[in-house]
Amino acid sequence: MSTAYLLGLAIVAIALLLVLVIKIRMPAFVAILLVAGGTALAGGIPVGEVIPTLTAGMGKTLGSVAIIVGLGAMLGRMIEVSGGAQRLAQTFTDKLGQKRVVAAVTAAAFILGIPVFFDVGFIILAPIVFGFAAVAGISPLRIGLPVAAVLLAVHVVVPPHPGPVAAAATLGTDPGLLTIIGLLACIPMSVVAFFVSKRMNLDRYELGDSPATAALQAADSTSSDRAPGAGMVLALILIPLGLIMFGTTGAMLLEEGNPTRDLLGFLGAPAFALMVGALLAYLIVSRQQGWDLARRAEVMDSALPTVAIIIFVTGAGGVFANVLIETGVGKALAGTLAELGMPLLLSAYLIAVALRVAQGSATVAVLTTAGLMQPAVMAAGLNPVQNVLVLCAIGFGGYAASHINDSGFWIVTRYLGLSVADGLKTWTVLSTIGSLVGFATVSALWLLA
């Protein structure tokens, strides 16, 4: 099929999905599956392969999302219902002052996000975000959006995240130099994202049923007399993060087949790390609260209905993304841009943006762009810093325009209680601005390289 047809098909599919969800108010899960199936047929996927393609997209996404969302929600629910999130927020608000709270949480997310994947980091930090919002009496969006923005920034640019690591191997980039320059390039973008979200009129958005609204209701009805101490809550959050950090660091520093690397990989797997956090909360928090076995199970089980819609809709987003990949939309668009003869840095950025918008996954956009750009990068005779900057441009391109075909879009918006339309007005806009600022920073560094 022609490039023009495939691009037109993608535009029509996304537009139809927005109409179904926003105007007709069809449930997002049903609308995404319906549009994905129609797109698969129109995109030339054989009839007998349509359902397997949809199923494969669901499986690939939920294979990584379902376990961590479920366990993360249980951990968060134990902290919320016990009053721990509110106690932690109150402690730090008293020490820092209310005006510094959002900046402090955002800065902490930037640091904690370095070894932790975007979705895992957001899910682990969510109860803390909601606790601070409850104590400060502000919308969870005020903290949740900048936290998500900085977590995504380090995810697309800084090792040990999978996209930058694999792209560095493809382009022959020094991972250590990438880590240093990538972190420096992420700082201006994170600062701008913080101030942009601060200037947004977020109070006008009505939040639907979500973990955010459930946490706020729990804060209103929870007595702080028996709440866990701030140290205990921090430990429950940091232990899973620490395990993940050891796992990702071991994967970078040790060779494949090394028994220590395998052990660290097991201990640092997000599913295992969150299982440890949930079990610690089950044993420690419930005992401190004096809950019997039935109450413990009741509290942990109560987390799952709240996040069920997140899991299903996120999986459907993976279905839609997989269909767009299998029909060749992303490759067609990237190929068209590559033929335009643009400057190397701009070409790398725009191809990554195009792939991100077309198929949703930031990691796939980064990896695919690195492969497409590899011959040009090798032929350009770049110095090590310029090589790193090309990869950073690709990463910030993969950051752009998180929308309905991105599983991260559904995690952020559904966790915070945003509708699709409001998510596009806030999170999609914020990710696009962050991408542009990141590329502007890289371009300025390019002039000095």
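The values are calculated or read from the model by the stated rules, or taken from the named source; none is laboratory data. The structure displayed is predicted, hence computed values, not measured ones. Neighbour counts run over all protein chains shown; Cβ positions are idealised from the backbone, glycine included.
Some observations on this one:
- On the stretch given as the range 136-164, residues that are surrounded by fewer than 22 Cβ atoms within 10 Å (Cβ to Cβ) and not in a loop (DSSP other than H, G, I, E, B) total 3.
- Residue identified as in contact with a Lys or Arg (Cβ under 8 Å, 6 or more places away or on another chain) and either of a type in the set (D, E, K, R) or farther than 19 Å from P162 by Cβ (or both) among A362, A401: A401
- Considering residues of the range 191-215 that are without any contact (Cβ under 8 Å) to a residue 12 or more places away in the chain and either hydrophobic (A, V, I, L, M, F, W, C) or part of a helix (DSSP H, G or I) (or both) only, the residue surrounded by the most Cβ atoms within 10 Å (Cβ to Cβ): V191
- Selection of the range 241-255 for residues being under 22 Å from L280 (Cα atoms), without any contact (Cβ under 8 Å) to a residue 60 or more places away in the chain and buried (at least 19 other Cβ atoms within 10 Å of the Cβ) yields L243, G247.
- Close pairs from the range 377-396: first without any contact (Cβ under 8 Å) to a residue 60 or more places away in the chain and in a helix (DSSP H, G or I), partner crowded, with 21+ Cβ neighbours inside 10 Å and not aliphatic (A, V, I, L, M), Cβ under 7 Å, at least 6 apart: A393/Y349; A393/F439
- Considered as a group, the residues in the range 165-190 that are outside any helix (DSSP H, G or I) and out of contact with any Pro (no Cβ under 6 Å at 6 or more places or on another chain) include one that is surrounded by the fewest Cβ atoms within 10 Å (Cβ to Cβ), and that residue is G172.
- Filtering T106, T61, T91 for residues that are within 19 Å of the chain's Cα centre (by Cα), of a type in the set (S, T, Y), within 30 Å of E298 (Cα to Cα) and part of a helix (DSSP H, G or I) leaves a single hit, T61.
- Test: T61 is closer than 30 Å to T179 by Cβ, at pLDDT below 90 and among the β-branched types (V, I, T): yes
- The range 351-363, subset at pLDDT 85 or above and closer than 13 Å to K331 by Cα, residue nearest to the chain's Cα centre (by Cα): R356
- Members of the range 288-346 that are in a helix (DSSP H, G or I), crowded, with 21+ Cβ neighbours inside 10 Å and hydroxyl-bearing (S, T, Y): T314
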